[in-house]
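Below: one structure, written as structure tokens.
The values are calculated or read from the model by the stated rules, or taken from the named source; none is laboratory data. In this text the structure is predicted, and so the values were computed from the model without any measurement. As a convention, Cβ positions derive from the backbone with ideal geometry for all residues, glycine included, and neighbour counts pool all protein chains shown. Keep in mind that these areas ignore ligands, DNA and RNA; they rest on the heavy atoms of the full protein, side chains included. Shrake-Rupley method; radii C 1.70, N 1.55, O 1.52, S 1.80 Å.
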Amino acid sequence: MAVRLAAIRRLVVGSQGFAARFRRAGEADVEAAIRRLSAVQLDSISAVDRAHRLTLTARVGAFPTGTVPQLLRDGRVFEYWAHEVSLLPIELWPHFRQTMSGGGHWGIHDRALRLHGDLVEPILARIRAEGPLASRDFEDRGGGGMWNWKPSKMVLDALWDQGVLAIAGRRGFQRSYDLSERVIPKQWLDAPVPTEAETLRTWAVLAVRAHGALTEAAIREHWRLKGGRARVQPHLDALVADGRLEALEPDDGGTPFYVLPGTELDGDPAPPVLVSPFDNLLWDRRLLERLFGFKHVIEVYKREPERVYGYYVLPLLAGDRFLGRADLKADRAEGILRIRKFTPEPRTRGNVEAKLEKAAARLARVLGLERLERAPG
């Protein structure tokens, strides 16, 4: 019997854990949220707040800016390529070792080591002697020395990509690099490297647990897995056969969804929440459109005349529907969260303005801003 798509949508929403009330969170809350989501995307834009903070505060509440750097320094989470650069639970480190020992994620990293291999040992020697260093610590010091910023930064990133270095925290938003053996706990650093089958099956279960229900394509998108359906589908079939996942046929006639065994096909409605444009819920745009009828657009990289909704736009979610898109700006000097533009979705019902006000007020409080200000029009 086909499962109603609406029930799957409610399950997905209810699995996100969006917080209805303001509260303050500690390190353990943030660490647990990262583990529950399995990966949290990082992004440098701070028009409202950093992407990972928006994703996490929407679920756990306000927490100090030093919390995530401390979790990185303590080896409780780590930073690596998953769905883009992400914060990851520390126990997943062994599952990325095969990737680290491969050809790297970007040709620029391989090229950096070919062109600037002479910098590798001096960089590692300085880090061994001085502890965690950022790329700016290797800038040319005016003496015509070896530390040209771009080559050293490229080599640092290449060594991080290979797992030789790990991110030991951040200064502002700039990475601090240290030797992996001084950042990653020994039990994970020395753990056996899982087979590809073990890793793909682990990642599939974690992605499904994080979202409540996912398609095969959405599981791939969660981890940005290469190789297409042919690489992933056999492992999903094996997980179903082993009883670790269940496959559901939805009533829209589309591809099946995978859920954890015994999952109740429903979920609590979301409180009004302004969702980061890089939130996990929004990662698979085809799935988002299929489940919610919502076409997610990120316009921050467009020229201003080409933007329809605004620069840094957070979708407004309430219940199990997206109600509109808010272009926001945090004016920290004035203590104001500015709603520069709000575009409601077609055919929205209910008191959308009140829901926007409630979601924006919570966000302002999380950001430590004193008031809201709405642009006219």
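Selection of region 27-49 for residues being open to solvent by less than 30 Å² (accessible area, probe 1.4 Å) and more than 12 Å from PHE278 (Cα to Cα) yields VAL30, ALA33, ILE34, LEU37, SER38, ALA47, VAL48. Report, by residue number, each residue of region 316-331 that is charged (D, E, K, R), under 26 Å from ARG220 (Cα atoms) and either open to solvent by less than 20 Å² (accessible area, probe 1.4 Å) or not in a loop (DSSP other than H, G, I, E, B) (or both). The answer is ARG321, and nothing else. In region 175-192, is there at least one residue being out of contact with any Gly (no Cβ under 9 Å at 6 or more places or on another chain), at pLDDT below 95, open to solvent by 10 Å² or more (accessible area, probe 1.4 Å) and outside any helix (DSSP H, G or I)? There is no residue in region 175-192 that is out of contact with any Gly (no Cβ under 9 Å at 6 or more places or on another chain), at pLDDT below 95, open to solvent by 10 Å² or more (accessible area, probe 1.4 Å) and outside any helix (DSSP H, G or I).
Residues being free of Cβ contacts under 8 Å to residues at least 24 places away in the same chain and among the β-branched types (Val, Ile, Thr): count how many of those fall in region 161-220. Total satisfying the criteria: 1.
Mind listing whichever residues of region 285-315 are closer than 22 Å to PHE18 by Cβ, under 18 Å from the mean Cα position of the chain (by Cα) and not in a helix (DSSP H, G or I)? Scanning region 285-315 gives HIS296, VAL297, ILE298, TYR312, VAL313, LEU314, PRO315.
Every listed requirement among (1) within 26 Å of PHE294 (Cα to Cα); (2) modelled with pLDDT of 95 or more; (3) open to solvent by 90 Å² or more (accessible area, probe 1.4 Å); (4) not in a strand (DSSP E or B) is met by LEU356 save one, (3). One residue stands out in region 224-251 among those that are open to solvent by 70 Å² or more (accessible area, probe 1.4 Å) and in contact (Cβ under 8 Å) with a residue 12 or more places away in the chain: the one that is nearest to ARG4 (Cα to Cα), namely ASP251. Kindly check whether there is at least one residue in region 208-215 that is out of contact with any His (no Cβ under 9 Å at 6 or more places or on another chain), at pLDDT 95 or above and of a type in the set (Gly, Ala, Ser). Among the residues of region 208-215, at least one is out of contact with any His (no Cβ under 9 Å at 6 or more places or on another chain), at pLDDT 95 or above and of a type in the set (Gly, Ala, Ser), which makes the answer yes. For region 66-89, the set of residues classified as touching a Gly at 6+ places or on another chain (Cβ under 6 Å) and open to solvent by less than 10 Å² (accessible area, probe 1.4 Å) consists of LEU72 only.
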